[in-house]
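Engineer: Quick one: the structure is below, questions incoming.
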Amino acid sequence: MRIGFVVIVWVVVMAVLPRAGQAQAIRIDVQDFPLRDALVQFSAQESIDVVFSQRQVEGRQTSCRYEGDAVEDALACLLYGHGLRAERVRRRQYVLAAAPAATASTPVPTPLPRGMLRGFVADASTGEVLPGAHVYLPDLRLGTTTNEAGYFALPSLPVQVYTVRFSFLGFQPQDTLLMAGFATTDVRLHPAALQTGEVVVEASREERFPVEPGVVDVPVQELERLPSFPGEPDLFQALQWLPGVQKAGELNGGLIVRGGEPDQNLYLLDGAPVYHPWHAFSLISTFQTETFKDIKLYQGSFPAEHGGRLSAVLDAELKDGNRTTPRTVAAIGVLSGRFVTESPITDKLSFMLSGRRSYLDQIIGKNHPVEEDGIRDTLRTGYFFYDFSGKATWRPSARHRVSLSYYNGRDVLDVRLPFEITTNINDWLKPADLFFEIDTKWGNRLVSARYQYLYSRRFFVTATAYRSSYRAREGVFIRPTDASSIVSDYGVRLRDLGLKVDVDFYPSLAHQLRAGFRVVQRGFRSELDARVQRSPGAVDVLNQESRLEALELVGYVQDSWQPSARWQIQPGLRASLFSGGSYVRLSPRLGVRYAVDPERLVLRGSAGAQVQYLHRVRDRFSLLYDMVSSRWIPTSNSVPPSTNVQFSAGAEAYPLPGLTLAMDTYWRYSNKILLPRDEFQAKDGLEGPGIEIGTLLGQYTRGRAHAFGVEMAARYEEGPWQVWISYAGGRSLSKAPELGETSFRPTRFDVPRAFQGAVSRNGQHWSFAFSTNWRSGLPVTVPVARYAVGDPLDEEPARFLYRPRINNGRLPPYLRFDFVAGYRFRVLGARFRTQLHFYNFTNRRNVIDRLYDPRPEDVVEIRDRHSLPFLPLLEIQVIL
């Protein structure tokens, strides 16, 4: 089936590609005809592209009589006697160059020498390399992008001078003349600025469409100007302005990309995976936007170098550190204070450090001594989070680059409160015989070492070794009665040891190959020590442990092929082997881009197959474990990997200066995903089935899912003004055949329609932004009947709700308006920025969840959970 898929896709591509045409007669008969006009007419007649400068043909006449079927011979006839030759640079494209003088010993002209345009592109103000910068040859209408090290190469060019245009989002485009030869060029781009001093983020025409189909270069500088909760720059909040990306919940939950599940997204930080990229119970992300130099989001069908998830890949690269001058940014917001500092150490060594910590626990305190009737106690209400990241980069020479990255983030919850909590705060602040304690910690830590080596002009090697881990510990002590108590200590660990090697090869102008392999050793561990005392004589002790190891091997190859100036095709193949179950999977990928008019309209499409070997699950019964943390478990003989096939097609248009319009459609079908057997199982028991993986998986069943939709976006920029509008319409459906479901039903994150709009203005001192966010309500399961089960002698039978169909209803639509005002000023040489964010300034209490509770009075109580009210959020930032 997979081989058939590859063959079908290849046949379709070959059918739509421009063809070379069958050999046909070429007839030329001109006498003293302008050379320029002859070349133009010949190019149109033979559907080829002949590139030349006005200086080469100005004032020249040609006489030629030719009949045959060779384009090169016909061109040689037209150019005879003018000291010019037509050199083929790629399929059906030629460039005119000076021909070497023929001698008696060389009666046949020898081919012109070939050279290469290659080098590095960096930020002129900081020395930071610019991955993804565009390098474009206007005369040849071809280009490339820089790799992760800022390196580019355009090989097999006739040795002569070319006009080269360099561009990057937020920087001034630079046109320069470069000689194709064998030297390495260092190009420095300057940040673009208006007269007001504000950054310009509009892209050049060549940069507006991605060189790699399916990838979105996240315009963080643009999205940061738009309102985000809780008033602090946050990457995941910024991503939600892209159509098809939303948060699972207002206060918790992960990112949903095109209707997928949160665990179907892969988050990479300097090449290493981050398994829980959230703080404050998923309120904000662990990614500070000021620390990144490059962020790419792959939605749906991504290139062969990425895999391991079904929905999306977020690839973020930390800054190397300013190589010219020290720079520090510090800020304090509603939830946390943070800093980012970067500086050169020597001319070859630089670093970047960042840190952040919440401070609410420092304001209200952690320990609260209380006393009543001579009884003393200490209550605790401690919660805080922090993260720290750093990177050091050493460049011993232009061909070598070594970097070391580190990240450590953690959340700590330490609570001791009365067992009976009321709305009266005074009831909390007194000693209690019955109470509960929670001591929970969770977080990520990773170390990544990367070596980048320019082996030769055509080979660039990147090797990355990393260790990434996620740990969670849940300590619980509960005294519900005087004679009973519960003590539990539960821990979860996930560790990755990985090695990645990527090789970029530049064989010709038409092809750029990338290949590599990955080796990942994963360790999974869970431990539970619990003591449940129901009465002084009834004590249960639980000691359980689960350990598992898994090895994943991956190899891939992909080609960025430009058969002509208008077409770009990126075929790829990814092969993976997973030790758990000894699964071997082939995942073909294909991306296509066609420039109808590079200045006006670009079409794009992609297709691919993905496989995911890890599943995220939680126990749905016991209060002793999986309260905060969740567990990732590997594929095994009993649990096959999840797979899907995805297709997408879209277009991007530029009808007016400053205006960009984009539209994409997608379709995805997933198989063997895990779905809960009982969607309504309440986590209200003490003893569950246990932490063994087999018993945990018994709470889930295999299912299928498919999603489809359309995404539209419009962006308009003029001077300091920016308008951003996005719309996403689609469905996300699933079913569990093993549970008897014969038709698809909405998933828990099915949102048929979502609309976002924002208007912002950035002046020299004042800035403001107004935004609105509207979407369909989330699905909810509405019961159709209620019933009671019990013994006739029992006073109170157990009451239940009858819900034959899951997610058969929907909450009311969600609507919110935000407003942000900011002011910038200078004091003693430091730049300050204050920003006031009015979150939900209309104070609309949206319904974000709904519970149905059967009551003894034979009624069903409906309880709605509402969104946050109006909140003023202030942040102060200083740049040194």
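The values are calculated or read from the model by the stated rules, or taken from the named source; none is laboratory data. Since the model is a prediction, treat every value here as computed from it, not as a measurement. Positions of Cβ are backbone-derived with ideal geometry, glycine not excepted, and every protein chain shown enters the neighbour counts. For accessibility, only protein heavy atoms count, side chains too; no ligands or nucleic acids. Shrake-Rupley method; radii C 1.70, N 1.55, O 1.52, S 1.80 Å.
Engineer: How many residues are open to solvent by 20 Å² or more (accessible area, probe 1.4 Å) and among the charged types (D, E, K, R) when one looks only at the stretch 259-286?
Structural biologist: Number satisfying all stated conditions: 2.
Engineer: To continue, here is another question. Would you mind stating whether V602 is in a strand (DSSP E or B) and more than 24 Å from the chain's Cα centre (by Cα)? Steps first, answer last, please.
Structural biologist: On the way: in a strand (DSSP E or B): yes; more than 24 Å from the chain's Cα centre (by Cα): no.
No; evaluated as a whole, the condition is false for this residue.
Engineer: Go through (1) touching a residue at least 24 places away in the same chain (Cβ under 8 Å); (2) more than 14 Å from T291 (Cβ to Cβ) and name the single condition D361 misses.
Structural biologist: The failed condition is (1).
Engineer: Restricted to the stretch 530-550, and to residues that are assigned to a strand (DSSP E or B) and open to solvent by 60 Å² or more (accessible area, probe 1.4 Å), which residue is farthest from D482 (Cα to Cα)? Lay out the reasoning, then the answer.
Structural biologist: So in the stretch 530-550, the residues assigned to a strand (DSSP E or B) come out as 530-535, 538-550.
Keeping just the survivors that are open to solvent by 60 Å² or more (accessible area, probe 1.4 Å) gives 531, 534, 541, 543, 545, 547-549.
Numbers: R531: 16, R534: 10, V541: 19, N543: 25, E545: 30, R547: 37, L548: 40, E549: 43 Å.
The extreme case among them is E549.
Engineer: Hey, can you tell me all the residues within the stretch 475-493 that are open to solvent by less than 70 Å² (accessible area, probe 1.4 Å) and of a type in the set (D, E, K, R)?
Structural biologist: Initially, the stretch 475-493 is screened for residues open to solvent by less than 70 Å² (accessible area, probe 1.4 Å), giving 475-478, 480-481, 483-492.
Once the filter is applied, which keeps residues that are open to solvent by less than 70 Å² (accessible area, probe 1.4 Å) and of a type in the set (D, E, K, R), the stretch 475-493 yields only D489.
Engineer: Still on this structure, I have one more. Is there a residue being open to solvent by 60 Å² or more (accessible area, probe 1.4 Å) and under 18 Å from P737 (Cα atoms) anywhere in the stretch 628-649?
Structural biologist: Going through the stretch 628-649, the residues open to solvent by 60 Å² or more (accessible area, probe 1.4 Å) turn out to be 637-638, 647.
From what's left, under 18 Å from P737 (Cα atoms): 638.
For the stretch 628-649, residues open to solvent by 60 Å² or more (accessible area, probe 1.4 Å) and under 18 Å from P737 (Cα atoms): present.
Engineer: Wholly within the stretch 321-400, which strands (runs of 3 or more DSSP E) include no fewer than the required count, namely at least 1 residues that are open to solvent by 20 Å² or more (accessible area, probe 1.4 Å), more than 30 Å from D439 (Cα to Cα) and of a type in the set (S, T, Y)?
Structural biologist: Numbers: elements: 327-332, 336-344, 349-358, 367-372, 375-397.
Result: 327-332, 336-344, 375-397.
The rows are residues; the columns are (1) touching a residue at least 24 places away in the same chain (Cβ under 8 Å); (2) closer than 30 Å to V487 by Cα.
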residue	(1), (2)
A607	yes, no
Y613	yes, no
R618	no, yes
S622	yes, yes
W632	yes, yes
S636	yes, no
P640	yes, no
F647	yes, no
G650	yes, no
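Engineer: Could you run through the stretch 260-274 and say how many residues are assigned to a loop (DSSP other than H, G, I, E, B) and either out of contact with any strand residue (DSSP E or B) (no Cβ under 9 Å at 6 or more places or on another chain) or modelled with pLDDT under 90 (or both)?
Structural biologist: Within the stretch 260-274, the first condition is being assigned to a loop (DSSP other than H, G, I, E, B), and the residues that meet it are 260-261, 270-271, 274.
When the remaining residues are screened for being either out of contact with any strand residue (DSSP E or B) (no Cβ under 9 Å at 6 or more places or on another chain) or modelled with pLDDT under 90 (or both), the result is 260-261.
Selection size over the stretch 260-274: 2.
Engineer: While we're here: Can you find a residue in the stretch 293-307 that is in a loop (DSSP other than H, G, I, E, B), polar (S, T, N, Q) and out of contact with any Phe, Trp or Tyr (no Cβ under 6 Å at 6 or more places or on another chain)? Step through it out loud before you land on a result.
Structural biologist: Residues of the stretch 293-307 that are in a loop (DSSP other than H, G, I, E, B), as a first pass: 300-307.
Next, only the ones that are polar (S, T, N, Q) stay: 301.
From what is left, the residues that are out of contact with any Phe, Trp or Tyr (no Cβ under 6 Å at 6 or more places or on another chain) are 301.
Yes, the conditions are met somewhere in the stretch 293-307.
Engineer: Moving on. Go through the stretch 595-627 and count every residue that is of a type in the set (F, W, Y) and open to solvent by 20 Å² or more (accessible area, probe 1.4 Å).
Structural biologist: The initial filter retains those residues of the stretch 595-627 that are of a type in the set (F, W, Y), namely 613, 621, 625.
If we keep only those that are open to solvent by 20 Å² or more (accessible area, probe 1.4 Å) as well, we get 621.
Selection size over the stretch 595-627: 1.
Engineer: Going by what's in this entry, would R522 be described as open to solvent by 40 Å² or more (accessible area, probe 1.4 Å), among the charged types (D, E, K, R), closer than 27 Å to E545 by Cβ and assigned to a strand (DSSP E or B)?
Structural biologist: no
Engineer: Among the residues of the stretch 814-829, is any open to solvent by 70 Å² or more (accessible area, probe 1.4 Å) and over 30 Å from T328 (Cβ atoms)?
Structural biologist: No: zero hits.
Engineer: Tell me whether the stretch 495-507 contains one or more residues that are part of a loop (DSSP other than H, G, I, E, B) and more than 30 Å from L417 (Cα to Cα).
Structural biologist: Our first condition is that a residue be part of a loop (DSSP other than H, G, I, E, B); within the stretch 495-507, this holds for 506-507.
Add one more test, that the residue is more than 30 Å from L417 (Cα to Cα), and what stays is 506-507.
Yes, the stretch 495-507 has at least one match.
Engineer: While we're here: So, in the stretch 465-485, exactly how many residues are in a strand (DSSP E or B) and more than 26 Å from H276 (Cβ to Cβ)?
Structural biologist: Here is the first cut: in the stretch 465-485, the ones in a strand (DSSP E or B) are 465-481, 484-485.
Now narrow it down to the ones that are more than 26 Å from H276 (Cβ to Cβ): 479-481, 484-485.
So the answer is 5.
Engineer: Here is a further query. Count, please, the residues in the stretch 834-854 that happen to be buried (at least 17 other Cβ atoms within 10 Å of the Cβ) and part of a strand (DSSP E or B).
Structural biologist: Residues of the stretch 834-854 buried (at least 17 other Cβ atoms within 10 Å of the Cβ): 835, 837-840, 846, 848, 850, 854.
Those still in the list that are part of a strand (DSSP E or B) too: 835, 837-839, 848, 850, 854.
The qualifying residues number 7.
Engineer: Give the residues of the stretch 571-594 that are within 27 Å of D139 (Cα to Cα) and either open to solvent by 20 Å² or more (accessible area, probe 1.4 Å) or out of contact with any Phe, Trp or Tyr (no Cβ under 7 Å at 6 or more places or on another chain) (or both), sorted by residue number.
Structural biologist: Of the residues in the stretch 571-594, the ones within 27 Å of D139 (Cα to Cα) are 571, 591-594.
Correct list: P571, G591, V592, Y594.
Engineer: A further question follows. Which condition breaks for R748 when tested against (1) under 24 Å from I862 (Cβ atoms); (2) loosely packed, with under 15 Cβ neighbours inside 10 Å?
Structural biologist: (2)
Residue-wise test of (1) charged (D, E, K, R); (2) out of contact with any strand residue (DSSP E or B) (no Cβ under 8 Å at 6 or more places or on another chain).
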{"position": "L573", "(1), (2)": "no, no"}
{"position": "Y583", "(1), (2)": "no, no"}
{"position": "R593", "(1), (2)": "yes, no"}
{"position": "S606", "(1), (2)": "no, no"}
{"position": "N637", "(1), (2)": "no, yes"}
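Engineer: Looking at (1) under 25 Å from P262 (Cβ atoms); (2) surrounded by 16 or more Cβ atoms within 10 Å (Cβ to Cβ), can you tell me which one F770 breaks?
Structural biologist: Condition (1) is where F770 drops out.
Engineer: Residue under question is G777, and the condition is that it be assigned to a loop (DSSP other than H, G, I, E, B) and either in contact with a helix residue (DSSP H, G or I) (Cβ under 8 Å, 6 or more places away or on another chain) or under 30 Å from P262 (Cα atoms) (or both); does it hold?
Structural biologist: Yes, satisfied.
Engineer: Can I ask one more? V313 versus (1) over 24 Å from W632 (Cβ atoms); (2) under 13 Å from the mean Cα position of the chain (by Cα); (3) among the β-branched types (V, I, T): which is the lone unmet condition?
Structural biologist: It is condition (1) that V313 fails.
Engineer: Restricting the search to the stretch 133-145, which residues are open to solvent by 10 Å² or more (accessible area, probe 1.4 Å) and assigned to a loop (DSSP other than H, G, I, E, B)?
Structural biologist: Here is the first cut: in the stretch 133-145, the ones open to solvent by 10 Å² or more (accessible area, probe 1.4 Å) are 134, 136, 138-139, 141, 143, 145.
P138, D139, R141, listed by residue number.
Engineer: In the stretch 298-313, which residue that is out of contact with any Ser or Thr (no Cβ under 7 Å at 6 or more places or on another chain), open to solvent by less than 10 Å² (accessible area, probe 1.4 Å) and modelled with pLDDT under 90 is farthest from V557 (Cα to Cα)?
Structural biologist: Y298
Engineer: Mind checking which pairs have a first residue in the stretch 572-592 that is among the charged types (D, E, K, R) and a second that is in a strand (DSSP E or B), Cβ under 6 Å, 6 or more apart or different chains?
Structural biologist: Listed pairs, sorted by first residue: R574/Y556; R574/S587; R585/S576; R585/V611; R589/G572; R589/G608.
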